[in-house]
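Chemist: Here it is: the structure, laid out below.
The values are calculated or read from the model by the stated rules, or taken from the named source; none is laboratory data. Source: prediction; values computed, not measured. So basically every Cβ, Gly included, is an ideal-geometry build from the backbone, and we count neighbours across all protein chains shown. SASA here: full protein model, heavy atoms, side chains in, ligands and nucleic acids out. Shrake-Rupley method; radii C 1.70, N 1.55, O 1.52, S 1.80 Å.
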Amino acid sequence: HIIFRNRVAKEIEQISVEGIEYDIQDYLISILNKYRKKENLQIEIESKGQYFSLIICPIPSEGYYNIYGAEITEKKESELIAKENFDRLNNFLESTDDAYYIVYQKNKIKNYFTSRWPLFFGFNPKTGNIWKQKRETVVDEHRKLYDDAQLEFQSTGHLNLKYKIKNKISGHTRWILEEARIKIDENLNDEIISGRITDISTSENFRSLVNETEERFRLITESMPVMRSEER
């Protein structure tokens with residue numbers, strides 16, 4: 001049972017955890033009866049619209065637990081707002097035909113990819129070496145163009161490149177336009193690459209068709225006999 005509570009702790013009686021109401025003492029007793037490890041345990045609770053983070057510290061030699069709490073209402077509300085904003089942005093990006101990505105060099109757990117990435121390249125960007133797998137999809141005749149652009153990208157921090165890829169699974173080829181930027185997150189001390197990939201196959205195929213038609217027309221006209229008229 002709880003043997004000591006300070007003034008603020010005494011104000012916390014009924015709590016909510018994942019939408020379920022509990023009496024604080026009953027909840028803690030239930031948690032501690034199940035938790036027999038020596039490591040600290042951290043939980044979050046809600047009481048009267050306020051959020052608290054509780055750290056449960058076992059004291060095996062004395063046979064009891066110290067519980068330290070801190071109000072995190074403002075932090076929790078900020079997290080909820082951030083999540084809502086992220087969900088709204090994600091829904092918007094997913095509604096387009098482009099593929100978007102954000103890649104962290106160190107904090108890879110924060111990497112973000114929209115669902116059209118596998119459709120373009122044919123692999124899961126969250127597994128393996130993303131840059132190596134992505135390069136492998138570039139068709140042979142565009143590989144040097146791609147490599148040169150990547151070297152310049154590392155130098156300038158800007159990328160705007162048209163190239164052709166082949167899906168690893170379907171074998172389908174397409175033209176894409178990739179636009180990317182490199183930024184530094186000073187808070188995380190990390191380098192971030194964010195980009196957008198657009199399927200431009202239709203326009204590029206049309207351009208190729210026009211060029212081919214013009215070349216055929218040129219060959220035809222050059223093969224025609226020269227016409228000459230004379231006046232007397």
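Chemist: Is there a residue being aliphatic (A, V, I, L, M), outside any strand (DSSP E or B) and surrounded by fewer than 13 Cβ atoms within 10 Å (Cβ to Cβ) anywhere in the range 4-18?
Modeler: Yes - at least one qualifying residue is present in the range 4-18.
Chemist: If you don't mind, another one. For the structure I just gave you, tell me whether Thr173 is surrounded by 17 or more Cβ atoms within 10 Å (Cβ to Cβ), under 19 Å from Arg116 (Cβ atoms) and touching a Lys or Arg at 6+ places or on another chain (Cβ under 7 Å).
Modeler: In short, no.
Chemist: OK, next. Looking only at residues in the range 53-79 that are hydroxyl-bearing (Ser, Thr, Tyr) and open to solvent by 70 Å² or more (accessible area, probe 1.4 Å), which one is farthest from Glu11 (Cα to Cα)?
Modeler: Looking at the filtered set, the residue picked out is Ser61.
Chemist: Sort through Glu204, Glu214 and tell me the only one that's within 24 Å of Pro118 (Cα to Cα), among the acidic types (Asp, Glu) and either at pLDDT below 95 or open to solvent by 60 Å² or more (accessible area, probe 1.4 Å) (or both).
Modeler: Working: Glu214 fails: within 24 Å of Pro118 (Cα to Cα).
Exactly one of Glu204, Glu214 is within 24 Å of Pro118 (Cα to Cα), among the acidic types (Asp, Glu) and either at pLDDT below 95 or open to solvent by 60 Å² or more (accessible area, probe 1.4 Å) (or both), namely Glu204.
Chemist: Within the range 26-95, which strands (runs of 3 or more DSSP E) (wholly inside it) include 2 or more residues that are hydroxyl-bearing (Ser, Thr, Tyr)?
Modeler: Filter on the range 26-95 gives 50-59, 64-71.
Chemist: Show me the strands (runs of 3 or more DSSP E) entirely contained within the range 101-201 in which 3 or more residues are closer than 20 Å to Asn90 by Cα and modelled with pLDDT of 95 or more.
Modeler: Strands (runs of 3 or more DSSP E) meeting the threshold: 173-185, 190-199.
Chemist: Still on this structure, I have one more. Just to be sure I understand the filter: pairs with C-beta atoms under 6 Å, separated by 6 or more residues or on different chains, first member in the range 102-113 and without any contact (Cβ under 8 Å) to a residue 24 or more places away in the chain, second member surrounded by 13 or more Cβ atoms within 10 Å (Cβ to Cβ) and part of a loop (DSSP other than H, G, I, E, B). Which pairs pass?
Modeler: As it stands, the answer is Phe113/Pro125, since those pairs meet every condition given.
Chemist: Within the range 21-52, take every residue that is modelled with pLDDT under 85 and within 26 Å of Lys75 (Cα to Cα) and give me the one that is least open to solvent (accessible area, probe 1.4 Å).
Modeler: Checked the range 21-52; the qualifying residue least open to solvent (accessible area, probe 1.4 Å) is Ile31.
Chemist: Determine which member of the set Trp117, Trp131 is open to solvent by less than 20 Å² (accessible area, probe 1.4 Å) and within 17 Å of Asn167 (Cα to Cα).
Modeler: After applying the criteria, what remains is Trp117.
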